[in-house]
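Participant: Once you've had a glance at the structure underneath, I'll fire off some questions.
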Amino acid sequence: MDKKNVSAKAGSVAQSSGLSSGTAPGPGNMVAPGLGGSAHIPRDAFEANPKAYFDNLHAKEKANK
């Protein structure tokens with residue numbers, strides 16, 4: 001996979017939930033950090049831009065308070 005595709009996926013993880021709960025991790029997926037193991041996300045997208053993932057996670061937490 002080229003870096004252009006990884007960046008596109010990273011953006012989609014940051015902008016949408018990008019999560020699938022109740023699904024066993026498949027090849028290329030990982031447990032989503034900060035969610036207690038309840039969801040999985042694409043590993044390549046997270047590794048390409050972890051800051052975007054955590055920014056989105058914290059923004060959602062803040063909105064729910």
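The values are calculated or read from the model by the stated rules, or taken from the named source; none is laboratory data. Please read these numbers as outputs of a predicted model, since none were measured by experiment.
Participant: Which of the residues belonging to the stretch 18-33 are at pLDDT 90 or above and either part of a strand (DSSP E or B) or on the phi > 0 side of the Ramachandran plot (or both)?
Facilitator: Within the stretch 18-33, Gly28, Asn29, Met30, Val31 meet the criteria.
Participant: What's the total number of residues in the stretch 28-65 that are under 12 Å from the mean Cα position of the chain (by Cα) and among the hydroxyl-bearing types (Ser, Thr, Tyr)?
Facilitator: Looking only at that region, the number is 1.
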